[in-house]
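The values are calculated or read from the model by the stated rules, or taken from the named source; none is laboratory data. Treat the numbers as computed from the prediction; the structure is a model and nothing was measured. Heads up, the Cβs are rebuilt from the backbone with ideal geometry, glycines too, and the neighbour counts pull from every protein chain shown. Remember, those area values only see protein heavy atoms, side chains included, never the ligands or the DNA or RNA. Shrake-Rupley method; radii C 1.70, N 1.55, O 1.52, S 1.80 Å.
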Amino acid sequence: MKKMVDEFIRENLTMTHDFIKMPAKEVYERYLKYCKTKKIEPLGARKFYNNMEHCGISKGRGSGNALSFKGVYLRKCPY
């Protein structure tokens, strides 16, 4: 599963400065598109978020106290 999340990260995210925060919900929605395109069963949101942390992308709180990922932003959607 971690390998699948690693591949998602390589194809869809760009690493940037830690002060940049990307809403976790937006990243997860892109992940669902990725899984649909690749015809693979997606992880649930909580497992996906945990796998993202295991891949070195830290979670935090963004505006409105919503969950976010630090230091990444979404690339233009390839799907």
> With all protein chains present and a 1.4 Å probe, how do 43, 67 order by accessible area, largest first?
Replying inline: 67, 43
>> Considering only protein heavy atoms and a probe of 1.4 Å, how much of the accessible area of segment 1-71 is carbon and sulfur, as a whole percent?
In response: 51 percent
> Between the DSSP loop rule and a limit of at most 14 other Cβ atoms within 10 Å, which chymotrypsin sites (Phe, Trp or Tyr not before Pro) in segment 32-76 are left?
Replying inline: none
>> So if each residue of separation counts as 0.36 nm, and I subtract the Cα-Cα distance between residue 18 and residue 50, what length gain in nm does that give?
In response: 9.7 nm
> Taking amide hydrogens as modeled 1.01 Å from N in the peptide plane, which residues meet the under 5 Å criterion relative to residue 13, leaving out close sequence neighbours?
Replying inline: 75
> Tell me, what is the percent relative contact order of the chain, built from C-alpha pairs under 8 Å that lie six or more residues apart?
Replying inline: 50 percent
>> With a 1.4 Å probe and all protein chains left in place, how much accessible area per residue does the chain have, in Å²?
In response: 65 Å²
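Given +1 on the Cβ of Lys and Arg, -1 on the Cβ of Asp and Glu, and no further charges, what dipole in debye does the chain carry about its Cα centre, rounded to the nearest 20? Write down the numbers at each step before the final one.
Numbers: 17 positive and 8 negative charges, 32 e Å.
Computed charge dipole of the chain: roughly 160 debye.
Which length gain, in nm to one decimal place, applies between residue 41 and residue 10 when the Cα-Cα distance is subtracted from 0.36 nm times their residue separation?
9.3 nm
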>> As an exercise, identify the trypsin sites (Lys or Arg not before Pro) in the chain lying in DSSP coil whose Cβ has no more than 13 other Cβ atoms within 10 Å.
In response: 39, 75, 76
> Summing -39500 (n - 2.57) over the DSSP H runs of n ≥ 4 in the chain and dividing by its residue number, what mean residue ellipticity at 222 nm do you reach, to the nearest 500 deg cm²/dmol?
Replying inline: -14000 deg cm²/dmol
